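Here's the structure we're looking at; comments come further down.
Every number here is computed from the coordinates shown, using simple stated rules; none is lab data. All of these numbers come straight from a predicted model, not from anything done at the bench. Please note: Cβ atoms are built from the backbone with ideal geometry, for glycine as well, and neighbour counts cover all protein chains shown.
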Amino acid sequence: MRFFFLPFILFFLSSCSGFTPLYQKHYILNEKLKNIAITTDKKKMSLAVKKNLLKQTPPTRNEINYIIKIETKTETGSSVTATDRKTSGYEVISTSNIFLYKRDLAYDKIIFSFEEKVVTMFELSPNQVLSTLASRDKAFEVSAKNLSKSILDKILIYFSKDNNANK
């Protein structure tokens, strides 16, 4: 029985040998994030995502090498209906188109773009407008935090892949 597990364990450990965690390249990624500027359209969700991204990234320097442009579209739709066909819940669907530009002397060039989508639920409180509005505002806040986290994760993965390709 031990002879069976020993080759399996050795194979399992050797398969992880090429893995390098993202935190080991933290210094390189931190330097790239210091040279990023963030621009948005003037929509409420885009500005909230930008605010959350600025909280998560290090302070920018005077030299800007990369620009993140965020364009967000937000929809609200009914999501849950009871057996009597009354709507009892809503969802906030936030879709962001993200463009990463590299700063050049002549013009800014798109080097990476992607789309992020987040769906957040909130409850409808019958005859309680203020409670429903508070629930909707909370859903917008949660959507903005989730979008900013997803955007930052994808940007970090792009930079780590780009750093490995340049070696």
* How many nm separate the modelled label positions at residue 104 and residue 158, each set 7 Å beyond the Cα in the direction of the Cβ? -> 1.6
* Structure fact -> Taking 99-107, 152-160, 60-68 and ranking on average Cβ neighbours within 10 Å, highest first, one gets 152-160, 60-68, 99-107
